[in-house]
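What follows is one structure encoded as structure tokens, with my remarks underneath.
Every read-out reported here was derived from the displayed coordinates using simple, explicitly stated rules and does not represent laboratory data. Here the structure is a predicted model, which is why all the values come from computation and not from measurement. Here Cβ is always computed from backbone atoms with ideal geometry, including for glycine, and neighbour counts include all displayed protein chains.
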Amino acid sequence: MEKALIALAAALAVAIPAMATAYAQAKIGSAGAGTVAEKPETGGTIIILEALPETMVILGFVVAIMIILQLA
Amino acid sequence: MIRSMMRLSVWGVRSRRQEIISELFSLGVLHLDEGEGALRGDDGVLNGLRLLRGRVLGLVEALGWDRWETLKDSDVDQAVQLFSDLPPGEFVPEISKSLDKFSSRLSDLQEGLARDEDTLSKLRKSLDLLSRFSAFFQRWGDSARESYITLWWISPEKIPPFLAAVQNDLLSRGREDFGGIDHHFVPGREGPGILSLRVPQALAPGISAIAAREKALPWRLPECCDQEAPASSIPSLRGAVDDLDLRIRSVKKDLSENSEEWGPRLAALFLFLDEKTEQAAVEARSETSDNFFRLSGWIPRDFLSATEEALKAKFGKDILLKCRLPGKDEWKDVPTALKNRSVFAPFELFLKLLRPPSYTGFDPTTAVAVFFPFFSGIMVGDIGYGIIILLLSLALKRAKRPVLRDAGSILLIVSLWSILWGAVWGEFFGDIGHRLFHLRPLWIERSEGVLPVMIFTIALGAAHVVLGLLIGVWQGVKNRHAHVWMEKAGNLIILGSLFGFLFLLMSEFPRGLFSIPVSFLVIGLVLLVAGGGIGGIIEALGSIGNIISYVRIAAIGLSSAILALVASKFLDVFGLSILGVFLALMIHLLNFILAVAGSGLHSARLHYVEFFGKFYSDGGKNYTPFQRRSGSSWKKR
């Protein structure tokens, strides 16, 4: 049971930031697409803005790995 | 690296102004000042060229020719040679006169075609309508000759009163033997339809009056057959349609041949006029006195002597060149021109998505060329995928478009690192290399040793971020921006002290040594606050986040490795069956696409956000020399 809870915690550590990232990227992506359509030179900035929320998942991944290592 | 630029002023005698500007255009190295003199709106030559350029483009579009990408520079050169001895004041009226004739002929053809198409459409509609009455016409056979058949626009609700009125008229004339009237109605899509009415010839004069009373309008045959009776006009209409169709095809063929023959010539003429307009605009903007004119701009230092020699050889004493290094107050106006070794130059592509670095800034192309393929290679990390990327890159390097060739060069280096890291992780299409050739990892299997790979990527991130900060410190010192180097140096010292803490924590050294990193931490904080204020502290925390962000290299690599293992599992479950092999191939294909796209995107992001953020100062201006534009996209503006 304890192992299952630890595994669930690791899954949630990735899943919750992933959902938050997806939400943020959807918002940034739709606004960014409009911006690039009007000003193509902003492409680089938009890629950067689009990529920023991914850090949440990466940090979630690190936490999940730490939790799983506890399990091991 | 960023090219060293020189300020070049060109003084010339006014009588040779056009020649000198044309030569500068051919040399294509001088970036002219944007605000060079005021453009005079009343310049007759310039306005004439602009007008003519617009007319030529209009004709190209009227011809329906749009294969600009097939046009070569040699086509434009032919036009240049044709008019090279004439000043714009002379060739503009000549070209205009020729265009008048051409334009008039083209316009006649196109207007005639439009008229014919309109007539054809009307004839087809009439033919279609009469065809729907043909059974009605045929019903009466020869007796139709004794009858008067007419066609009327009428609303359906008006038909019964109209027919009753006609019937009454018939009865009042004592023609009971005629056998009554006959009619056929074809409804319209909405509102009125067409009514065909057959009555005795004797009633013909009175029908129009009855129709007018009942608000029915006569339907007339088209002009070509309006002398014929509706019942017999179908063959004539059919013949007219065929004749007109033939004529339209012939005119279209003629127009198409004209387009093929004259489209490229007019397009080349447009490009020639475009260049001449640009040169005339520079002439109009130049500072000109009664005898002399002056133009100024920026030129890369390594092009200077060759340019001076070429201009002196051609214009001798009619030209005077003065050059100097830019002053400190001019740095913000100096355009940024990049110069990198051919192996690094394709990576300049990454800077095209950003505003160029300032003239005194740092060109990170070499650093990107080293780290981008390295990071991507770690993420892909599969010998098999690496070989496919290698083949793809070799194909791309043969492409015509320079951007695709650059992408091919980048992918080539990525593929080599992917193969190398594939050997390090022991992966060849996942574990197929191990199964078939007993391939062993040189270091560790990614799916087994997650923690060591994560620590390795964080160490890589630390090195990359520290390199970025070192460049930032160097930039600050070089440009004498104290706040910049103090902030970056403070950041570096804080990171160094944190690494010191970690090292001491994991080692057997005495606890008393902790005072060393603490001292450095305090020094770093002081520098950080002095350079960047409170925002500097946030920046320092951001640097730690930046380093952790490099874990994505391990994370994406791990997902790629596991997906490749899943592909092999399909073979285990389904055996060497068609389904098993198909599913395994599909998963590998998906994994390959994700690996290439994901590794490229994340590696680029690590550069744009984590690395460039430490030193990159944009705000530069692109170096756009006064020259013929290359490529195809610019040709039609």
If you keep only loop residues by DSSP, which GluC sites (Glu not before Pro) in the range B:151-245 have at most 12 other Cβ atoms within 10 Å of their Cβ? B:190
To make sure I understand, if each residue's beta carbon is the centre and we count other beta carbons within 10 Å, what order do B:478, B:397 fall in, fewest to most? B:478, B:397
Unit charges at the beta carbon, dipole of chain B: most positive-side option, B:577, B:530, B:437: B:530
Distance between modelled label sites at residue B:582 and residue B:115, nm, 7 Å Cα→Cβ extension: 6.4
Could you give the length gained on full extension between residue B:155 and residue B:629, defined as 0.36 nm per residue of separation minus the Cα-Cα distance, in nm? 164.2 nm
Rounded if a/c under 1.5, otherwise prolate or oblate - the range B:473-586, Cα gyration tensor axes: prolate
Neighbour net charge for residue B:100 - beta-carbon separation under 15 angstrom, K R +1, D E -1: +2
Using the Kirkwood radius built from alpha carbon pairs, what does the Stokes-Einstein equation give as D for the protein assembly as shown at 10 °C and 1.306 mPa s, in µm² per second? 47
Can you give the charge dipole size of chain B about its Cα centre, rounded to the nearest 20 debye, using +1 on the beta carbon of Lys and Arg and -1 on the beta carbon of Asp and Glu? 1340
Per-residue Cβ neighbour rank within 10 angstrom, fewest leading, B:31, B:483: B:483, B:31
For residue B:359, enumerate residues with amide H under 5 Å from its amide H, sequence gap 5+ or separate chain, H modeled in the peptide plane. B:621
Crossing angle, helix B:515-549 versus chain B [Cα axis fit, 0-90 degrees, rounded to tens]: 20
For residue B:8, net neighbour charge (Lys/Arg +1, Asp/Glu -1) across residues whose Cβ lies under 9 Å away: +2
Subtract the Cα-Cα distance of residue B:213 and residue B:321 from 0.36 nm times their separation in residues, and report this length gain in nm to one decimal. 29.7 nm
Separation of alpha-carbon centers, the range B:408-428 and the range B:322-357, rounded to whole Å: 31
Estimated distance in nm for a label pair at residue B:249 and residue B:84, the labels positioned 7 Å out from Cα along Cα-to-Cβ: 4.7
Treating only the Cβ atoms of Lys and Arg (+1) and Asp and Glu (-1) as charged, compute the dipole magnitude of the protein assembly as shown about its Cα centre; round to the nearest 20 debye. 1200
Other chains near B:508-521: what is the mean number of their Cβ atoms within 10 Å of each residue's Cβ? 0
Output for the range B:131-233 (equivalent-ellipsoid semi-axes, sqrt of 5λ from the C-alpha gyration tensor, Å, descending) is 20, 18, 13
Within a 10 angstrom radius of the beta carbon, how do A:67, B:455 rank from fewest other beta carbons to most? B:455, A:67
With labels modelled as points extended 7 Å from the Cα through the Cβ direction, what inter-label distance (nm, one decimal) is found for residue B:256 paired with residue B:420? 5.7
How much of the calculated P(r) for the range A:2-71 lies past 18 Å, in percent of all Cα pairs? 49
Using θ = phi - 60° and Karplus 6.51 cos²θ - 1.76 cosθ + 1.60, couplings along the range B:480-489 (whole Hz; Gly, Pro as x): 6, 9, 4, 5, 6, 5, 5, 5, 5, 5
Cβ under 9 Å from residue B:340's Cβ, residue B:340 left aside: what net charge do those residues give with Lys, Arg +1 and Asp, Glu -1? 0
Let me have the 222 nm mean residue ellipticity of chain B computed from DSSP H runs of 4+ only, each contributing -39500 (n - 2.57), with the sum over all residues rounded to the nearest 500. -21000 deg cm²/dmol
Expressed as a whole number, the average count of other chain Cβ atoms within 10 Å around the Cβ atoms of B:480-487 is 0
Average beta-carbon neighbours from other chains, 10 Å sphere, peptide B:378-391: 0
Where a label projected 7 Å from the Cα of residue B:15 along Cα→Cβ would reach, residues of the range B:252-291 with amide N under 15 Å: B:290-291
For chain A, build the charge dipole from Cβ charges (+1 Lys, Arg; -1 Asp, Glu) around the Cα centre, then report which of A:57, A:45, A:11 sits farthest towards its positive end. A:11
Please state the charge dipole magnitude for the range B:1-151, taken about the Cα centre, from unit charges on C-beta atoms (+1 on K and R, -1 on D and E), reported in debye and rounded to the nearest 20. 380
